[in-house]
Amino acid sequence: MTDKHYIGMPLQEIDTPALVIDLKVMEDNISRMAGYFAGIGANLRPHVKTHKCPIIAHKQLAAGAKGITCSKLGEAEVMVQTGIQDILIANEIVGPRKIKRLMDLAARADLMVAVDDEKNIEDLAKAVRAAGVRLGVLVDVNVGMNRCGAEPGKPSLELARKVHASHGLTFMGIMGYEGHVVGVADPGERSRKGREAMKLLVETKDLIERSGIPVEVVSSGGTGTYDISGPYPGVTEIQAGSYIFMDAHYRETGIAFGCALTLLATVVSLHLPDRIITDAGMKTITAEFGMPVVKGGEELEVIGLNEEHGKIRTRTGKSSLTVGDTIELIPSHGCTTINLHDRYYGVRNGTVEAVFPILARGKSV
Ligand SMILES: Cc1ncc(COP(=O)(O)O)c(C=O)c1O
């Protein structure tokens, strides 16, 4: 069965396990975020590592996004193939093979890449000179997440100087992802910690500018902090990604975007009185942020995932479901769940309206 045969099909008839987008909810998420950024002095550069789907990236751009953010070179290659030009790879690209691919891509698109290491800067500069391409560079600043990034202040300034003097690289500015803040549940605490992180970032920008190097781009932010870091004076763009679908884990923070993504699963076995077995196991939905949540099923609790089976307990001890019925699960972590699938079924009013290939799925190299 080809994708086009699904168009017009009722949701319940899609072969499972299947990733389903509620198109209305996704469209509302896109326009809500775009509307927010239209009203402030910063740009939205959505992170596509969540949806990994060029069709959705183009919708975000059409709604006003300045460009896109990728975490992997492979994702960026897929996006460029569909005509997207303005891309930040918010990650360090290390090693000769990847740097060669980066040069090939820079010949075809307007790229920025993150750096936090002197030798990597030298390797990139040498490659840029040899290839004769333009490559924008952001110095990655550790604003508290303790993942990648040079320390704020002087260590980041030293890297900025090195990029600026590199004969080849185009120093564009800095980035600092406050990933330790985006999921803080208490809004007051999230705001305080977010502003603390942005203070480190913007102080570093000021230091670089005082040394005579212009800083055009200050990039940061996720779904949990778009309205904290976005309006922070000095920040120029936000890399939020999860807002497109909102998963069950993010929903716990109370951030006002709708859950647009579910995994449709079929009940395949019913033998124990309080147990429902589905065809959605850990090969189709991930659990590192907790078990998926059954949409509209207060009395149903996912209690385990095997490779190809999901185990659901009915809190009431009984259920009206029968073998062959379908249920929808909200993934606890959308990004890693999506990476297990080839396509989305876009549904409106209970009917499939579109099928979107997830072309960057698995592009982790
Ligand atoms: C560097 C970077 N920027 C932005 C984001 C997007 O954050 P969110 O998923 O909270 O929207 C991530 C997420 O992991 C990230 O790693």
Practice prompt. Those residues that are more than 8 Å from the ligand (Cβ to nearest atom), open to solvent by 10 Å² or more (accessible area, probe 1.4 Å) and of a type in the set (Phe, Trp, Tyr), I need them from the range 211-265; list them, please.
Written response: Tyr232, Phe257
Item to complete: Filter the range 1-46 for residues that are in a strand (DSSP E or B) and within 18 Å of Arg251 (Cα to Cα) and give the result.
Response: Val20, Ile21, Asp22
Worksheet entry | Test for Val182: is it within 12 Å of the ligand (Cβ to nearest atom), open to solvent by 10 Å² or more (accessible area, probe 1.4 Å) and either of a type in the set (Val, Ile, Thr) or assigned to a helix (DSSP H, G or I) (or both) | yes
Response to the item:
For the range 322-347, pairs from a residue that is among the basic types (Lys, Arg) to a residue that is at pLDDT below 95, with Cβ under 7 Å and 6 or more apart or across chains, are Arg343/Asp3
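How many residues are closer than 17 Å to Met26 by Cα and in a helix (DSSP H, G or I) when one looks only at the range 227-248?
First pass over the range 227-248, keeping only residues closer than 17 Å to Met26 by Cα: 240-248.
Subset that is in a helix (DSSP H, G or I): 242-244, 248.
Qualifying residue count, the range 227-248: 4.
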Worksheet item: Say we look at the range 58-99 and pick out the residues that are within 14 Å of the ligand (Cβ to nearest atom) and in a helix (DSSP H, G or I); which of these is surrounded by the fewest Cβ atoms within 10 Å (Cβ to Cβ)?
Response: Gln60
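State all residues of the range 31-57 that are within 13 Å of the ligand (Cβ to nearest atom), in contact with a helix residue (DSSP H, G or I) (Cβ under 9 Å, 6 or more places away or on another chain) and at negative phi; if no residue qualifies, say none. Working first, answer last.
Just the residues of the range 31-57 that are within 13 Å of the ligand (Cβ to nearest atom), to begin with: 33, 44-52.
Of the ones still in play, those that are also in contact with a helix residue (DSSP H, G or I) (Cβ under 9 Å, 6 or more places away or on another chain) are 33, 44, 46-52.
Hits for the range 31-57 are Met33, Leu44, Pro46, His47, Val48, Lys49, Thr50, His51.
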Discussion item. Taking the conditions exactly as written (farther than 19 Å from Ala197 by Cα, small (Gly, Ala, Ser), in a loop (DSSP other than H, G, I, E, B) and at pLDDT 95 or above), does Ala280 satisfy them or not?
Written reply: yes
Worksheet item: Are any of the residues in the range 191-211 assigned to a loop (DSSP other than H, G, I, E, B) and at pLDDT 95 or above?
Response: yes
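Within the range 165-181, count every residue that is hydrophobic (A, V, I, L, M, F, W, C) and touching a residue at least 60 places away in the same chain (Cβ under 8 Å). Working first, answer last.
Within the range 165-181, the subset hydrophobic (A, V, I, L, M, F, W, C) is 165, 169, 171-172, 174-175, 181.
Then drop every residue that is not touching a residue at least 60 places away in the same chain (Cβ under 8 Å), which leaves 172, 175.
Total meeting the criteria: 2.
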Worksheet item: What pairs can you find where one residue is in the range 50-68 and over 17 Å from Gln81 (Cβ atoms), the other is of a type in the set (D, E, K, R), and their Cβ atoms are less than 6 Å apart, with a gap of 6+ or different chains?
Response: Lys66/Arg45
Discussion item. Out of everything in the range 326-354 that is assigned to a loop (DSSP other than H, G, I, E, B) and open to solvent by 50 Å² or more (accessible area, probe 1.4 Å), what residue ends up being farthest from the ligand (Cβ to nearest atom)?
Written reply: Asn349
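Which of the residues spanning the range 283-314 are touching a strand residue (DSSP E or B) at 6+ places or on another chain (Cβ under 8 Å) and assigned to a loop (DSSP other than H, G, I, E, B)?
If we filter the range 283-314 for residues that are touching a strand residue (DSSP E or B) at 6+ places or on another chain (Cβ under 8 Å), which is where we start, we get 284-285, 287, 291-297, 299-305, 309-314.
If the condition is that a residue be touching a strand residue (DSSP E or B) at 6+ places or on another chain (Cβ under 8 Å) and assigned to a loop (DSSP other than H, G, I, E, B), then Thr284, Ile285, Ala287, Met291, Pro292, Lys295, Gly296, Gly297, Glu299, His309 are the ones that fit.
The values are calculated or read from the model by the stated rules, or taken from the named source; none is laboratory data. Computed from a predicted structure; not experimentally measured. Don't worry about glycine lacking a Cβ; one is built from the backbone with ideal geometry, like all the others, and counts go over all protein chains shown. We work out accessible area using only protein heavy atoms, side chains counted, and drop any ligands, DNA or RNA first. Shrake-Rupley method; radii C 1.70, N 1.55, O 1.52, S 1.80 Å.
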